[in-house]
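Read the structure below first, then the notes.
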Amino acid sequence: MRKLAAQKKIRLDASDKNAEVGYLLLNVSKPPFNDPVARRAVAYAGDREEINAIINDGTLRLADGPFPPGSPAYLPKSGYPPHNLKRARALVRRYERTHNEKLAFEYETGTSPDLIQLAQLVQKQLQAAGITTKLKTVDEASQINDALAGSFQAQAFRNHPGGDPDLQYPWWHSGSPINFGRIKDPEIDRLLDAGRVETDPAKRARLYQELNRRFAHELYDLWTWYTLWGIGTARDVRGALGPPLPDNGGKPFPIFGGYVPVLGLSKTR
């Protein structure tokens, strides 16, 4: 759509504001990712900038945490590890000494060509660090069922759109049936519980920022980038994002929802 917009054939509204974050969902209840050394090795081995350049033409914003810019929980520097192949290899050797086996896992992804290409690039990068990755492609319904059942090691995933950070409570709190990663971290639970009842906005923001740092330290999920959504319309169509809010808050429509409102649509002559 960007090419069509550049050629002035369509009107394009695109945004990653409050959109979902892409990531590698890890099952931390079973090997190898119940060992933080394995999680850290994979995080260091992956080169997100290279993959973003190849898959997305470098257009997407990399994510160092689950919360997007504009969220009270967002941190420009969360402590998420950068690509470092030397450190990745050292961690792989450490894992192998501890467990007396190679660091290997199954990577489950969707069937679309772009997801398969992404998985193959990840596989190649991890192989350079000494990590073996077996690719498994499934339809979306099967992938969600595997996440619910916990019958996976790692999955390509996208979730956690912006809004109030408390909306993420059921995805990460221990005991939740949709805590797909099987995270059981008392500190994560404490921060989620405290954020839910805190009424002071500044204190609440600090709690969720600490949650952001906790994810960067423990690496329960390996973040990639914020999703960019777009709506293409004929050039004489206006108002696809809805009418401006009366408090000068901008356009209310969240593109990531996948719905185009009728209210506010118009056509110029």
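The table for this structure:
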| read-out | value |
| --- | --- |
| Rounded to 10°, Cα long-axis angle of helix 186-197 versus longest principal axis of the chain | 30 degrees |
| Tilt relative to the chain, helix 113-128 - C-alpha long axis, 0 to 90 degrees, to 10 | 30 degrees |
| Check: the chain dipole with +1 on Lys, Arg Cβ and -1 on Asp, Glu Cβ, in debye | 820 debye |
| Stokes-Einstein D for region 17-227, Kirkwood Rh over Cα pairs, 10 °C, 1.306 mPa s (µm²/s) | 91 µm²/s |
| Kirkwood Rh (inverse of mean 1/r, distinct Cα pairs), region 9-82, angstrom | 14.6 Å |
| Evaluated over region 1-130, the Cα radius of gyration and Dmax, each in Å | 17.4, 60 |
| More than 17 Å apart - percent of Cα-Cα pairs taken over region 72-168 | 65 percent |
| Distance violations [Cα-Cα > 25 Å] among K30/K203; K86/K124; K102/K136; K17/K77; K86/K184 | K30/K203; K86/K184 |
| MRE, 222 nm, helices only [DSSP H, n ≥ 4, -39500 (n - 2.57), over the chain, to nearest 500] | -11000 deg cm²/dmol |
| Once the Cα gyration tensor of region 173-240 is diagonalised, semi-axes √(5λ) in Å | 34, 18, 12 |
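Any read-out appearing in this document is the output of simple, stated calculations on the displayed coordinates, not a laboratory observation. Remember, predicted model here, so these are calculated numbers, not experimental data. Positions of Cβ are generated from backbone atoms using ideal geometry, with glycine treated the same way; all protein chains shown enter the neighbour counts.
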